[in-house]
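Some notes on the structure that comes next.
Derivation of every value follows stated rules applied to the coordinates shown; laboratory data play no part. Small disclaimer: the values here were computed from a predicted structure and weren't measured. Ideal geometry is used to build each Cβ from the backbone, glycine not excepted, and the neighbour counts take in all protein chains shown.
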Amino acid sequence: MSSQKLEYDASLGGHVTLPSHVATYHYASGVLQEIKSMIADAQFPASSKLIFQTLPKHMRRRAMSHHPKRLPRKYRAAHSSQMSKAGNQPVNRKRPSRKYRRRPKNLLNEYIRRQRKINWLETHIWHAKRFHMIDRWGYRLPYASCDKTYRACYRASAEHCLLQDISFYSCVQMLGTVDQLRHGFGRLTSPDCGLGIAARTYLSGRREGTIQLFADDQYPAGALQSASFMWRPAEQPETQAQRTLWLWLHPAAVEATLAQLIQVFQLKSTKQEKLPLPAESDDQTPRFVTHTKAFERNRSYINKDTGMEMLVLNQEFNRFRLTGPRSQCVLAASLRASRQNSSESSTSTSKKLLDAPSDLLDQTDYCEAALQLHSPSEVLSNVILGVNVVDPRLQRPSKRTKATKLSSSVSKSVELLMMPPASPPFSDLWDPELRVRLSEQMMSTHQYNQLRQRHAIVPGEPCAFEEQMQPLPLLLIQRPGSQQPNYKRLGYAAGWDVIAPARYGMVLWQTLIMWGARPGGLREFDSVARELGVDQHLPDTVAGLEQAARTALERRTRYFRLPPNKRCNYRKLAVVSPFKAPWQSLVRDWNLSPATPAKSFYVMRNRGLLQRLDGCVRHREPFPDCPTDNCLVQVALRLHTRGSLESNALICLPSSLDWKRHWRQLKQDNQEPVHTEPLLSDVNERLRKQLRLDHKRLLKRLRARRVREKRRLQETSTRRVHIRPAKTASLVSKQSAKMCSLWLPTDPAETHDSVRRQCSREVFGYVSSAGFSFVEAAVCGVGYVTVHGLRQLLHERKADPIRAKGQPLLCLVRNADSRDYRFARLQINLDLCAAV
Amino acid sequence: MDSHPPERGAKPKSNRNKQQSQHIVRKLPPRVTNDKRNNIYITSKSDFKAQQKRCEDLLNAGTKEIYLHCMGYSITRGLTLALRLIDNSDGALSYAINTSTIKLVDELHPLCDEDDITYRQRNNSALHIKIFNNSLFDIVVPKLPAQTSCTEVNIKKPQKKQK
């Protein structure tokens, strides 16, 4: 306790005593309160004045309240927020002038701002000037050229070279031993669908493979996507060391696939790490500190126990897809192998390592020889070639020209196919440090142009400095194209994929374009897949489901944008699901045992089963018995005579009447539809009319009420009275929703047998994509049918004696907005995903 | 790759199902030896009438000679087309025929993980028909077509017929 002393004039003051000292914490608490209130006052001033009113007189200007630029800069933000709160928009909302906006710095800032929400490809600006751009899968992607190039793009893919930017595929790098990876991916895929990830033909890194991914142990349901992969060639063969694997995933299903990979391999994100603190004494329980990375260039995951690592390499590569036989010429013209220093170092080491026989070509020579061949389909399918090329800017023609075949064509295609190159495709692209260095040391186009300006004496001639530009490592991947010679053009859509490091996208792209490649967008993926006779995304994959939902929404909005007399009445046409194919209800209706709980449908990918089904269709073998509830089979359809086919058309079973009619029409050369769906009556038609009249009447009555109210007020008022706002928005939207539901048929999920027996013929499948195919010169499509429906169709064919042997299998098809049934040839697709 | 020697011999027809169960056959399209305009390749899928019209248009446009190439199954189609052209020409066209054998390679893709890709070499017979204008004023000496040099293994006796 503090001792109490008397004050100096205690006689006057009486018994008032003051403490000899003050406790600091009392003092501090008091001061703390003061500081708090002071800060609060400074932050939120209680004065009701506006910002410009608080300024001293000599700093005030007349137009301050209107024009924020009259204020000192530090008050402007607060001022504009005050103004906007008060409801007064600041006056200066004019768009800045074009000249200002186009200044390089402002333009760049604008580009960066626009990329915040949605990713851009490296070739974005080039595409944005020439293509319709759409938002898809988190990217802004080119859809189709602004020019009319639909047929030109087909011609390019069939005869010349179609070029597409597929850099939106994300690359996932996995690091682990082969056994770990084989075991893990064994859970995500099935041996029925094709080769596994560690198949011998892929493990050397010479070829790119494709696997079907499913959710963990859910095969055949739970399909994710089909992904292509490539192994990094092992530096020393025959080691148990860790190997690297690249998976190329479609952006629609990246997150779902990554989640599955993380679950299967038990990976943990390295964004937050728990690090043990150094223990001060042994008795203490171990303490941890959580270390969070503020920024991660590439998301990475790790499993500390097994040493597995996963790295998501987003936007680290550019991947360009060249389709068509002339892609050889385009590549040969735009890529010149760089041999300046690599000839001594890399090839000699690889030769020493592998002790390869000397008659085998090394990677560079092999690549050059392969690009001299007539067509990409003459090379080993899915082969990967690694090559170092000189900067593509040096290989441009002065004008855009079509690359033509060089005169000296080598004739040793057979040898080239059978003899592998001396070494597997080693490439600098696999090395993260080299990748970073590559993009850092790249000479920008601006620098290059300035150097040319300074050094080039004769325009267009090569300069001395150009030899010093760094070579560019590329990976070339062959795609074999169509492989069904019995009903498709052999080798259609064969081509190459080119993988280039980041920042080199635009340079390479422009060179390829200058050599005559035709640029294409997302629409060309669809059209090439249709010409190939396959589906781009199977309907049970993540991307397929998303695409179905999106197109259904698009079709629905388009339908209700039409005036009512231009809409087709699907109730009258007996179509239950006009905007999307109701796969789930379809398999429910065709299931043999309806009591089983509804599982999700899936597409049959089992190659053996598909082959047996194909045998049934083609060679009339007995139908295999397999557990095939909830299962769809992909078929290729082809119309022979007239008629068109659109996506979401119905595939139906013909009746015996149809067959009779078919034969009669064949004899008479009659091209009319085989059967026409009788028009149903629409019970909702009167309802809709009544509803519409009622609604109109109600709105009219409400308006009349408001008018009366206004008149009544006007009588007593001296000023002019305005009519009250209607505020019927909720009423109108409710009415339109009700009207829409009356227009459309009832949802097929609600009632049993609603899909199978929706019209006069039994429906057993739907068309997923269709259109006129230039390859076939016929209307072709890809659809999915239920197995039991197919069995019934085959059974009826067997029972029918009229149908001669050797006739192809026929089924009926009908578009969703038409009543005409026509016969189409049906064939089972064995290669489900040749397009990817 | 070296551990799997390439299979040789013709495509077996009898045990087709057995073949399918072991691997997937991927055929490579045969090599186009000459892609000039007057070389026409006949496949089993190309439309007969369209190709006939194409040949006639080429000949009417002043092309001296055209070459029809056909292989395997489509040899009969090619012969029919050539004869049809000559029949329709009222003796203005003549033809010369060469036969050759074309080496083809099929890739055999394995169905199980342990196997590597293998190859199958087979031969197919091909026919090269040269159709030329049999005009009286310019005497044309029919030569062997030059484009068959690289793929031909053995040129069988060239026949020459004048109509």
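If each residue of separation counts as 0.36 nm, what is the full-extension length gain between A:A778 and A:R757 once their alpha-carbon separation is subtracted? Working shown, then result.
Working: separation 21, 0.36 × 21 = 7.56 nm, distance 2.93 nm.
Separation in residues times 0.36 nm, less the Cα-Cα distance, equals 4.6 nm.
Here the calculated FRET efficiency for A:T404 and B:D57, from their Cβ-Cβ distance with R0 = 35 Å, stands at 0.90, rounded to the nearest 0.05. Averaged over the residues of peptide A:378-389, the number of Cβ atoms from other protein chains lying within 10 Å of each residue's Cβ is 2. Here the sum of -39500 (n - 2.57) over DSSP H runs of 4 or more residues, divided by the residues of the protein assembly as shown, equals -10000 deg cm²/dmol at 222 nm, to the nearest 500. Multiplying the residue separation of B:N39 and B:K103 by 0.36 nm and removing their Cα-Cα distance gives an extension gain of 21.1 nm. Here each label is just a point 7 Å from Cα along the line to Cβ, and for A:R712 and A:A152 those points are 6.9 nm apart.
Taking the Cα centre as origin and putting +1 on Lys and Arg beta-carbons and -1 on Asp and Glu beta-carbons, what dipole magnitude results for the protein assembly as shown, to the nearest 20 debye?
Details: 156 positive and 92 negative charges, 1544 e Å.
Value, rounded to 20: 7420 debye.
Under the 0.36 nm per residue contour assumption, what length would be gained going from the current alpha-carbon distance of A:L679 and A:L562 to full extension?
So the extension gain works out to 40.0 nm.
At q = 0.09 Å⁻¹ the log10 of I(q)/I(0) for the stretch A:399-536 amounts to -0.45, computed by Debye summation with a single uniform scatterer per C-alpha, solvent ignored.
Dividing the Cα radius of gyration of chain A by its Kirkwood radius returns 1.09 for Rg/Rh.
At R0 = 45 Å, how high is the FRET efficiency between A:N303 and B:Q121 if r is their beta carbon distance? Nearest 0.05 is fine.
Values: r = 47 Å, r/R0 = 1.04.
In this case the efficiency is close to 0.45.
Projecting the Cα positions of A:Y570, A:L331, A:P56 onto the charge dipole of the protein assembly as shown (unit charges on Cβ atoms of Lys, Arg, Asp and Glu, taken about the Cα centre) puts A:P56 furthest along the positive direction.
Suppose R0 equals 60 Å; then what is the FRET efficiency for B:L83 and A:D217 from their Cβ-Cβ distance, rounded to the nearest 0.05?
Numbers: r = 63 Å, r/R0 = 1.06.
That gives a FRET efficiency of 0.40.
Sorting A:741-748, A:135-142 by their mean Cβ neighbour count within 10 Å, with the most densely packed peptide first, gives A:135-142, A:741-748. Straight-line reach from A:K566: taking Cα to Cα under 18 Å and skipping same-chain neighbours fewer than 8 places apart, the aspartates and glutamates in range are A:E554, A:D682, A:E685, A:D817.
Quick one: compute a quarter of the convex hull surface over the Cα atoms of the stretch A:729-827 and quote it in nm². Average projection, Cα convex hull of the stretch A:729-827: 9.9 nm².
Taking label points 7 Å from Cα along the Cα-to-Cβ direction, A:K271 and A:I39 give a separation of 3.0 nm. One way to sum up the overall shape of the stretch A:24-85 is the equivalent ellipsoid from its Cα gyration tensor, whose semi-axes run 34, 12, 9 Å, largest first. Placing pseudo-labels 7 Å out from each Cα toward the beta carbon at A:R116 and A:R200 gives an inter-label distance of 5.6 nm.
For a 18 Å ceiling on Cα separation, which of these pairs sit above it: B:K27/B:K130; A:K700/A:K727; A:K689/A:K738; A:K696/A:K734?
Values: B:K27/B:K130 28 Å; A:K700/A:K727 13 Å; A:K689/A:K738 12 Å; A:K696/A:K734 13 Å.
The answer is B:K27/B:K130.
Qualifying GluC sites (Glu not before Pro) in the stretch A:687-767, where qualification requires a DSSP coil assignment and no more than 14 other C-beta atoms within 10 Å, comprise A:E750.
Tell me, what is the percent relative contact order of the stretch A:603-676, built from C-alpha pairs under 8 Å that lie six or more residues apart?
Details: 25 pairs, mean separation 17.8, N = 74.
Worked out over the stretch A:603-676, it gives 24 percent.
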